[in-house]
């Protein structure tokens, strides 16, 4: 299912079919991230996570396409009839770590 969602999102973007939630637009403005950067992130960046909750669209998290530590990632819903950028987030070191060029959620430390 993950690969189908990724293909669906990327093929639609190549056709110019992509929507942004109001929340995503606000976060992009707040963080100085352009839509061209988000599109590049989705088309060329690595997939770092899939969120597949019952009754919701599958969401794919794409990290920024860079050889350095990614500064942001995009959460994209494989919605019909067009994929939707749900939010764009800065990569926080408390939550994410970069391992061999790919962001991974840090393991929660339990006392």
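What follows is calculated from the coordinates using simple rules that are stated; it is not laboratory data. Keep in mind that this is a model prediction, so the values were computed, not measured. Ideal geometry is used to build each Cβ from the backbone, glycine not excepted, and the neighbour counts take in all protein chains shown.
Just a few scattered comments:
- Taking the longest Cα principal axis of the chain as reference, the axis of helix 35-44 is set at about 80 degrees.
- Gained length - residue 50 relative to residue 11, 0.36 nm times residue gap less alpha-carbon distance: 12.3 nm
- Label corresponding to Cα extents along the principal axes in Å when calculated from the structure given, among (i) 58, 27, 24; (ii) 62, 39, 27; (iii) 45, 33, 25: (iii)
- Label-point gap, in nm, between residue 31 and residue 80 - each point 7 angstrom along Cα→Cβ: 3.0
- The chain - mean residue ellipticity at 222 nm from DSSP helices (-39,500 (n - 2.57) per run, n ≥ 4, rounded to 500): -9000 deg cm²/dmol
- For the chain, relative contact order (Cα pairs under 8 Å, six or more residues apart, normalised by length) works out to 25 percent.
- The stretch 13-71 - Rg over Rh from alpha carbon coordinates, Kirkwood radius: 0.97
- Residue 99-residue 68 pseudo-label distance in nm [points 7 Å out on the Cα-to-Cβ vector]: 2.4
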